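Report on one structure; see the data block that follows.
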Amino acid sequence: MTNHSEAAGAPGTEQITLRNPSELAEVLPYLLGFKPEDSIVLVALHRGCFGGRVRLGIPERPGDWPSVAEEMAKCLISGCERKDGTPDGIVAFLCRDPKTTETGRQIMERLQPLAQMLRLACGRLDVPVVEALCISDDHFWSYSCPVEECCPPDGTPLAASGTSVTAAAMTYAGIQVRRPLREMRARLTPWQTAAVPQQEHALDAAAMALVPRILAGVPRAEVANETLDLARRVWSRFGHLPTGDDTLETDLRDDEQLAHDEAARLILGLQDRLTRDHAAEWMEGDEAPLALRLWRALARRCVGPYGEHAAAPLTLAGWVAWSLGDRVEAGEALDMALAADPRYVFARLLMEACSADLDPEPVRRSLRKTRDERGVTPSEANSERAFDGAGAGAAVGAGTDASAGVNGERAAGREGAGSPGRPSADNSREPAEDRVMRALEAALRRRGSRRAGAGKGPSRAGAHAPRRPQGRRRVGRQGTRRDG
């Protein structure tokens with residue numbers, strides 16, 4: 001059995017020594033910041049201290065396990081080599097709770113081949129797996145320790161949450177465990193309530209009003225300003241509400257402040273890249289937490305056939321969370337954005353940058369410069385201007401003709417572009433609009449990241465591999481959705 005000494009938290013914090021598999025199992029939620037569920041987690045060791053880590057959902061098909069083991073090993077070791085050098089060893093965790101009559105021990109036995117595949121994949125890259133643990137049903141098993149007195153066949157019970165010496169040491173060091181990932185994702189998941197038909201009807205109505213405005217040639221900046229004005233009005237209401245620690249209660253209060261028609265106009269308006277990029281400027285100071293609550297609320301309103309529209313508010317939620325230092329929520333939001341639309345370029349770049357542990361400041365700097373060049377001061381950005389789009393037939397949208405993409409990323413010739421090499425004047429972008437993308441791409445090039453792999457391989461802690469989208473692209477029942 002291997003002992004591990006770990007400097008938990010940031011440099012300069014208390015040294016916390018982990019002596020056995022029990023303490024390793026107990027420290028995992030503190031390493032990630034949340035309790036992993038249905039996850040493979042690999043954590044690198046450097047001179048006795050924890051380093052980089054990767055997490056991926058456990059594939060249901062055993063046939064997928066070999067390729068997943070290879071990809072996770074390559075992802076972790078190559079990432080560590082770029083940042084801290086080759087790891088001395090790796091600790092592997094397999095986390096899955098029973099969902100039927102299956103016991104924790106049966107899960108452990110069923111996942112044992114996966115644990116062996118991970119050991120072999122890491123060994124082929126000359127990095128040993130020094131410990132492999134299965135955590136299930138509040139027990140843990142070591143795949144590396146054959147001593148029954150130490151690691152009994154029926155598993156070793158985990159200490160009650162927050163009661164162990166390890167938990168006390170982590171809490172003292174200022175390291176806390178957040179709510180389970182399923183609760184975090186629930187805050188970003190479309191409604192499944194009795195209010196869904198009303199919200200879907202409002203989205204249909206907004207879409208029907210949007211198309212005539214686009215055909216009429218309403219200036220793109222005008223509809224963008226309408227969207228941003230409405231967004232400010234809504235999140236200013238959030239600022240007068242108590243928040244507290246109960247996230248569900250906070251979300252319910254926010255939902256009460258957002259009318260169905262307002263949500264519909266905002267969701268459709270954010271499909272425009274210009275509008276979305278300007279909304280991304282609310283990423284710091286007092287406005288960032290309020291904007292984050294709004295983006296979550298809008299993601300919850302992308303119901304029915306409008307699920308793919310969630311890519312825009314989810315990407316904004318991920319960006320703001322990353323800017324505020326919350327990489328866990330950022331990873332989950334960006335993962336869900338890519339599940340809604342795998343070709344959403346902004347989400348793909350943000351996911352890769354966040355997974356590579358880059359500093360978000362270069363992106364913030366680019367957004368500040370863009371805002372300054374428009375001549376918008378912070379006070380003006382926070383002011384409530386009159387919104388005149390609430391009348392009949394008004395809708396927030398973007399674009400200057402019916403063929404222009406609401407988001408110009410693909411039409412401009414980036415990845416996933418339809419009709420490459422034929423961008424129209426309406427799809428061309430000003431240098432200021434390109435600045436955020438260029439800042440992300442430059443930062444990734446400096447880190448040696450491969451853009452072609454963004455959003456495809458296993459990600460850092462806090463994100464699953466993107467899933468394929470469900471449903472069809474559409475703006476309303478009568479038209480196709482244009483790319484985001």
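Do you know which residues across segment 247-286 are more than 24 Å from residue 211 (Cβ to Cβ), assigned to a helix (DSSP H, G or I) and open to solvent by 20 Å² or more (accessible area, probe 1.4 Å)? Break it down stepwise before answering.
Here is the first cut: in segment 247-286, the ones more than 24 Å from residue 211 (Cβ to Cβ) are 247-257, 280-286.
Now narrow it down to the ones that are assigned to a helix (DSSP H, G or I): 247-256.
Selection gives 247, 248, 249, 252, 253, 255, 256.
Quick one: residue 194 ticks every box in (1) buried (at least 17 other Cβ atoms within 10 Å of the Cβ); (2) within 30 Å of residue 262 (Cβ to Cβ); (3) modelled with pLDDT of 90 or more except a single one, so which number is it?
(1)
How many residues does segment 73-108 hold that are open to solvent by 20 Å² or more (accessible area, probe 1.4 Å), closer than 24 Å to residue 357 by Cα and touching a residue at least 24 places away in the same chain (Cβ under 8 Å)?
Residues meeting the conditions: 8.
Go through (1) at pLDDT below 90; (2) in a strand (DSSP E or B) one by one and return the number of the condition residue 101 breaks.
It fails just one condition, (2).
Provide a single number: the residues in segment 222-246 that are assigned to a helix (DSSP H, G or I) and either within 14 Å of residue 300 (Cα to Cα) or not acidic (Asp, Glu) (or both). Working first, answer last.
Just the residues of segment 222-246 that are assigned to a helix (DSSP H, G or I), to begin with: 222-238.
Of the ones still in play, those that are also either within 14 Å of residue 300 (Cα to Cα) or not acidic (Asp, Glu) (or both) are 223-225, 227-228, 230-238.
Residues in segment 222-246 being assigned to a helix (DSSP H, G or I) and either within 14 Å of residue 300 (Cα to Cα) or not acidic (Asp, Glu) (or both): 14 in total.
If residue 107 satisfies all but one of (1) of a type outside the set (Ser, Thr, Tyr); (2) at pLDDT below 90; (3) touching a Lys or Arg at 6+ places or on another chain (Cβ under 7 Å); (4) under 22 Å from residue 63 (Cβ atoms), what's the number of the condition it fails?
Residue 107 satisfies every listed condition except (2).
Hey, does segment 170-183 have a residue that's among the hydroxyl-bearing types (Ser, Thr, Tyr), part of a helix (DSSP H, G or I), modelled with pLDDT under 90 and more than 26 Å from residue 289 (Cα to Cα)? So that I can check it myself, show each step before the final result.
Of the residues in segment 170-183, the ones among the hydroxyl-bearing types (Ser, Thr, Tyr) are 171-172.
Within this subset, residues satisfying the condition of being part of a helix (DSSP H, G or I) are 171-172.
Pick out the ones that are also modelled with pLDDT under 90 and you get 171-172.
This time we only want the ones that are more than 26 Å from residue 289 (Cα to Cα), so: 172.
Scanning segment 170-183, I find at least one residue that is among the hydroxyl-bearing types (Ser, Thr, Tyr), part of a helix (DSSP H, G or I), modelled with pLDDT under 90 and more than 26 Å from residue 289 (Cα to Cα), so the answer is yes.
Among the residues of segment 322-339, is there at least one that is assigned to a loop (DSSP other than H, G, I, E, B) and buried (at least 24 other Cβ atoms within 10 Å of the Cβ)? Reasoning before the result, please.
To start, the set of residues in segment 322-339 that are assigned to a loop (DSSP other than H, G, I, E, B) comprises 324-326.
Those still in the list that are buried (at least 24 other Cβ atoms within 10 Å of the Cβ) too: none.
The answer is no, given that none of the residues of segment 322-339 is assigned to a loop (DSSP other than H, G, I, E, B) and buried (at least 24 other Cβ atoms within 10 Å of the Cβ).
Among the residues of segment 69-105, write down those that are within 24 Å of the chain's Cα centre (by Cα) and over 25 Å from residue 139 (Cα atoms). Let's see the steps before the verdict.
Let us first name the residues in segment 69-105 that are within 24 Å of the chain's Cα centre (by Cα), namely 69-80, 82-83, 92-97.
70, 71, 73, 74, 75, 76, 77, 78, 79, 80, 82, 83 - these are the residues of segment 69-105 that are within 24 Å of the chain's Cα centre (by Cα) and over 25 Å from residue 139 (Cα atoms).
Take segment 205-236 and flag every residue that is more than 28 Å from residue 334 (Cβ to Cβ) and touching a helix residue (DSSP H, G or I) at 6+ places or on another chain (Cβ under 8 Å).
At the first step, the residues of segment 205-236 found to be more than 28 Å from residue 334 (Cβ to Cβ) are 205, 208-209, 211-219, 222.
Answer for segment 205-236, where residues must be more than 28 Å from residue 334 (Cβ to Cβ) and touching a helix residue (DSSP H, G or I) at 6+ places or on another chain (Cβ under 8 Å): 205, 213.
Would it be correct to say that residue 70 is among the acidic types (Asp, Glu), surrounded by fewer than 23 Cβ atoms within 10 Å (Cβ to Cβ) and not in a helix (DSSP H, G or I)?
Numbers: among the acidic types (Asp, Glu): yes; surrounded by fewer than 23 Cβ atoms within 10 Å (Cβ to Cβ): yes; not in a helix (DSSP H, G or I): no.
Spelling it out, it is not the case that residue 70 is among the acidic types (Asp, Glu), surrounded by fewer than 23 Cβ atoms within 10 Å (Cβ to Cβ) and not in a helix (DSSP H, G or I).
The values are calculated or read from the model by the stated rules, or taken from the named source; none is laboratory data. Being a predicted model, the structure only gives us computed values, none of them experimental. So basically every Cβ, Gly included, is an ideal-geometry build from the backbone, and we count neighbours across all protein chains shown. The area values use the complete protein model at the heavy-atom level, side chains included, leaving out ligands, DNA and RNA. Shrake-Rupley method; radii C 1.70, N 1.55, O 1.52, S 1.80 Å.
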